[in-house]
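Enquirer: Sharing a structure below in structure tokens format, with a few things to ask.
Since every read-out is calculated from the coordinates, none of them should be taken as a lab result. The shown structure was predicted, so the numbers you read here are calculated from the model rather than taken from an experiment. When we count neighbours, we look across all protein chains shown, and the Cβ atoms used for this are built from the backbone with ideal geometry, even at glycine.
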Amino acid sequence: MMNKKNSLKGLYIVTDRQLSLDYGVPTEKSVAKAIEGGAKIVQYRNKQSALTIRRHEAAVLAVLCKEMGTTFLINDDIDLALEVDADGVHLGQSDTPLSNARRLLGDNKIIGITCHNDLDLAIQAERQGADYVAFGRFYPSISKPTAPPASIDVLKSAAEQLNIPICAIGGINQDNAEILIKQGADMLAVTYSVLGAKKVSQAAQQISKLFPE
């Protein structure tokens, strides 16, 4: 069985419940198209809906990602990640402490940590056992308009100092993605420029092909 921790690179899709409602397209359908276009990681993020809805959606996406060979993570809900047997979780700075998450999930699950624009937070996360870190937002973001901005320079510094994969997030699209990869991003986390595109698979492919083989 492939170790999913070794596949933390490429296009990283973050779901958005409101986007699904606005476009009238079930999240799993858009996600399937994104995976067809080359997405390697999917994070289920839904902080608005009732638990019953989140449990259903997460279970459907977990099966889909397993069938399509894609890494599946849950945003900030360890119980839900365990329930649907997700590959891991993504945690913000104000979410469950990394040490607690690791104790509950075990050594084989993936834990990613948001580090904003702070390299020290990323170094600390690596020391505590994070499997990857995320920096951002790098550009104006529809899904997180108030998130603090991050500089591209932090990617270069992180790539030089860290030994775990690096994810960039925030306003990333087909036009601005390449520079982030060149500066050290192993993964690019995207929502609207792929899931909100008229042709989701094609939009995913345009970003996916920017990554080196």
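Enquirer: Calculated from the structure, P(r) over Cα pairs in 10 Å bins from 0, in percent equals which of (i) 9, 34, 35, 17, 5, 0; (ii) 8, 26, 30, 24, 9, 2, 1, 0; (iii) 9, 38, 40, 13, 0?
Expert: The value matching this structure is (iii).
Enquirer: Let me ask something else. In terms of modelled amide H atoms, which long-range or inter-chain residues lie less than 5 Å from the amide H of Ala150?
Expert: Amide H to amide H, under 5 Å and 5 or more residues apart or across chains, Ala150 pairs with Arg137, Phe138.
Enquirer: Ranking request for peptides 148-156, 136-144: highest mean number of other beta-carbon atoms within 10 Å first, then the rest in descending order.
Expert: Values: 148-156: 16.2, 136-144: 18.9.
Ranked by mean Cβ neighbours within 10 Å, highest first: 136-144, 148-156.
Enquirer: Considering amide H positions built from the backbone, and no H for Pro or chain starts, which residues 5 or more places from Ile13, or on another chain, come under 5 Å of its amide H?
Expert: Long-range HN contacts for Ile13: Lys40, Ile41, Val42, Gln43, Val190.
Enquirer: Of the options Leu80, Pro149, His56, report the single residue whose Cα projects farthest towards the positive end of the charge dipole of the chain (beta-carbon charges: Lys, Arg +1; Asp, Glu -1).
Expert: Result: His56, furthest along the dipole toward the positive end.
Enquirer: Shifting gears a bit: Among the trypsin sites (Lys or Arg not before Pro) within the stretch 1-108, which fall in a DSSP loop and have no more than 10 other Cβ atoms within 10 Å of their own Cβ?
Expert: Working: sites: Lys4, Lys5, Lys9, Arg17, Lys29, Lys33, Lys40, Arg45, Lys47, Arg54, Arg55, Lys66, Arg102, Arg103; in loops: Lys9, Lys40, Arg45, Lys47.
Within the stretch 1-108, the qualifying trypsin sites (Lys or Arg not before Pro) (loop, at most 10 other Cβ atoms within 10 Å) are Lys47.
Enquirer: Among all the aspartates and glutamates, which ones have a C-alpha under 19 Å from Lys156's C-alpha, if same-chain residues fewer than 8 places away are not counted?
Expert: Asp118, Asp120, Glu126, Asp131, Glu178, Asp186
Enquirer: Projecting each Cα onto the charge dipole of the chain (Lys/Arg +1, Asp/Glu -1 at the beta carbon, about the Cα centre), which of Ala158, Gly112, Ala197 comes out farthest on the positive side?
Expert: Looking along the dipole axis, the top candidate is Ala197.
Enquirer: Would you work out the charge dipole size for the chain about its Cα centre, treating the Cβ of every Lys and Arg as +1 and the Cβ of every Asp and Glu as -1, and quote it to the nearest 20 debye? Working shown, then result.
Expert: Details: 23 positive and 24 negative charges, 69 e Å.
With Lys and Arg at +1 and Asp and Glu at -1, about 340 debye.
Enquirer: Measure up Lys9/Lys182; Lys109/Lys144; Lys66/Lys198; Lys9/Lys33; Lys144/Lys209; Lys33/Lys66 against 21 Å on the Cα-Cα distance and list the ones that go over.
Expert: Beyond 21 Å: Lys109/Lys144; Lys66/Lys198; Lys144/Lys209.
Enquirer: With θ set to phi - 60° and the Karplus curve 6.51 cos²θ - 1.76 cosθ + 1.60, what are the ³J(HN,Hα) couplings of the stretch 37-44 in order, to the nearest whole Hz, using x for Gly and Pro?
Expert: With the stated coefficients, the stretch 37-44 comes to x, x, 4, 9, 9, 10, 10, 8 Hz.
Enquirer: What are the ³J(HN,Hα) couplings of the stretch 95-103, residue after residue, when phi is run through the Karplus curve with 6.51, -1.76, 1.60 and θ = phi - 60°? Round to Hz, x for glycine and proline.
Expert: Whole-Hz 3J(HN,Hα) from phi for the stretch 95-103: 8, 3, x, 4, 4, 5, 4, 5, 4.
Enquirer: Same structure, new question: Give the cross-link partners of Lys29 among the aspartates and glutamates, using a straight C-alpha distance below 16 Å as the criterion and excluding same-chain residues fewer than 8 apart.
Expert: Asp16, Glu57, Glu67
Enquirer: Taking 35 Å as R0, compute the FRET efficiency from the Cβ-Cβ separation of Gln202 and Arg127 and round it to 0.05. Walk me through the intermediate numbers first.
Expert: Details: r = 40 Å, r/R0 = 1.16.
Taking R0 as 35 Å, the efficiency between Gln202 and Arg127 is 0.30.
Enquirer: Figure the gain on full extension for Lys156 and His56 (residue separation times 0.36 nm, minus the Cα-Cα span) and round it to one decimal in nm.
Expert: Details: separation 100, 0.36 × 100 = 36.00 nm, distance 3.93 nm.
Stretched out fully, the Lys156 to His56 stretch lengthens by 32.1 nm.
Enquirer: Residue-wise, which Karplus ³J(HN,Hα) couplings in Hz belong to the stretch 147-160, taking 6.51 cos²θ - 1.76 cosθ + 1.60, θ = phi - 60°, and x for glycine or proline?
Expert: Listing the rounded values in order: 5, x, x, 10, 8, 5, 4, 5, 5, 4, 5, 5, 4, 6 Hz.
Enquirer: Given the peptides 190-197, 118-125, arrange them by the average over their residues of other C-beta atoms within 10 Å, most packed first. Could you put the intermediate results ahead of the total?
Expert: On the way: 190-197: 22.8, 118-125: 17.6.
Ranked from most to least packed, the peptides come out as 190-197, 118-125.
Enquirer: First measure r as the distance between the Cβ atoms of Asn176 and Val25, then evaluate 1/(1 + (r/R0)^6) with R0 = 25 Å and state the FRET efficiency to the nearest 0.05.
Expert: Working: r = 25 Å, r/R0 = 1.00.
Computed FRET efficiency for Asn176 and Val25: 0.50.
Enquirer: Which whole-angstrom value gives the distance between the alpha carbon centres of the stretch 130-208 and the stretch 25-87?
Expert: About 19 Å separates the Cα centre of the stretch 130-208 from the one of the stretch 25-87.
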